[in-house]
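Quick notes on the structure that follows.
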Amino acid sequence: MPRRLTETKPGTHIAMKNTSYESMVVSWLMQDGWQVFIPILDHGHQTDILISDGPNYHRIQVKTFEDTGKGQIIENRWKDSNVDVVIFFARNSSWGFVSPAFEENKRPTDYRDHQRFNQNKGEFLKAFHKVD
């Protein structure tokens, strides 16, 4: 049975964990019938995933955060970009939320436009389809 025998550097491990959330979203959206595109380099564009139903394209940003309880504030890190939807995952829990991209600098996680989901395909897609 294969075993990893080398140590992963802390910065690399963080990047791998964050990318794993993007991969999960890609898989769920493909299973929902979306065409999914992954930019080779998204620096400066804040687009982790690009999806299409044929004639329409939507830019998605995937973010993670540490869940510290109710009333938590998240920071806008995609300001002045063309992102349409932001998907947030709580790294230390099993939930997340989908939000239309917003212009404010900060918002609480429990904001009225955020669609919360437990981290599974069915709940994610239900929340994703509710976003305007």
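Every number in this text was worked out from the coordinates using simple rules, so none of it is lab data. Note that the structure is predicted; figures quoted are calculated from it, not measured. All Cβ positions, even for glycine, are placed from backbone atoms using ideal geometry, and neighbour counts span all protein chains on display.
In table form, for the structure just shown:
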| quantity | calculated |
| --- | --- |
| Selected from Leu41, Leu29, Pro10, residue furthest toward positive end of dipole (the chain; charges at beta carbon) | Pro10 |
| Charge sum, other residues only, whose C-beta stays under 11 Å from Asp32's C-beta, Lys/Arg counted +1 and Asp/Glu -1 | +1 |
| Total formal charge among the other residues, if their Cβ is under 15 angstrom from that of Asn56, Lys/Arg +1 and Asp/Glu -1 | -3 |
| Spacing of the two label points (7 Å from each Cα toward its C-beta) at Lys130 and Asn118, in nm | 1.5 |
| Prolate/oblate/rounded call for the chain, Cα gyration tensor, a/c under 1.5 rounded | rounded |
| Within the chain: Cβ-based charge dipole about Cα centre, in debye rounded to nearest 20 (Lys, Arg +1; Asp, Glu -1) | 480 |
| The range 1-55: C-alpha gyration tensor shape, a/c 1.5 cut-off, then a/b vs b/c | oblate |
| Placed amide H near Gln72: partners under 5 Å, 5+ positions off or other chain | Thr109, Asp110 |
| Other-chain or far-sequence residues with amide H under 5 Å of Thr64's (modelled H) | Phe89 |
| Shape of the range 57-132, Cα gyration tensor, a/c cut at 1.5 | oblate |
| Phi to ³J(HN,Hα) by Karplus 6.51 cos²θ - 1.76 cosθ + 1.60 over the range 43-51, Hz, x for Gly, Pro | 4, x, 10, 6, 10, 7, 9, 10, 10 |
